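Encoded as structure tokens, the structure appears first; notes follow it.
The values are calculated or read from the model by the stated rules, or taken from the named source; none is laboratory data. Only a predicted model underlies this, so the values are computations on that prediction, with no experimental measurement involved. Neighbour counts run over all protein chains shown; Cβ positions are idealised from the backbone, glycine included.
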Amino acid sequence: GFANEANNSYLYQHNINGYVPDNQFRKRDPKFSEQKQKYGKRHQDKAKGQKPIFPSSAFVFDPIAMTCICPAGKSLPCRGTRPEPDGQQRALFGGRLLQCRHCDLKEQCMLTPESANHRNGNGRQVSFLLKANAPPNYTDWMKQRVDSDAGKEVYSHRMSVVEPVFGNIGTNKRLNRFSLRGKTKVQGQWQLYCMVHNLEKVSR
């Protein structure tokens, strides 16, 4: 959740020795290659009940003209672009409501086809990564750090250093949400919980 271009740039510019893994770093590490077979996949029970629909590869995307044609042969309007954590851009397309509502393929195309039946609903949405030759960025720099032997050694201490703090404050102390508003009050509440956590550690 913290791996993005802005955070990595801040660490680099301020010479902070931080290691922020992205959500693909385990896929690049051969040590995790058999993890799914051994422990299963996260949220696999939810995935079993999810019906198969047309993947994005079934849509004809033209990155030059920025057009997208759906399996029914209809043109989907472009909804703009959004930046990815690594700095690349992703093109967003969404089917027109009336277009999807009367489409014969909507049962095969949409997870919830009934959402196209009311005016506040949505048509099919699909996105594509714009694979431009972008220059190296701070996200690439962080990937190199995380994938290095030193980075893996640092990250291996996360479960014993970082996670117990969240577990104690969030679960044992039940701070799953702040009860105050405003930065000053929230900061005060957070520091009080941190103080109690640290006093417990000192007393033990």
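Values for this structure:
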{"read-out": "Some residue of the range 182-197 being over 12 Å from Tyr19 (Cα atoms), modelled with pLDDT of 95 or more and in a loop (DSSP other than H, G, I, E, B)", "value": "yes"}
{"read-out": "Filtered residues of the range 7-35 (kept if part of a helix (DSSP H, G or I) and surrounded by 11 or more Cβ atoms within 10 Å (Cβ to Cβ))", "value": "Asn7, Asn8, Ser9, Tyr10, Leu11, Tyr12, Phe32, Gln35"}
{"read-out": "Residues that are part of a helix (DSSP H, G or I) and modelled with pLDDT under 70, drawn from the range 40-57", "value": "Gln44, Asp45, Lys46, Ala47, Lys48"}
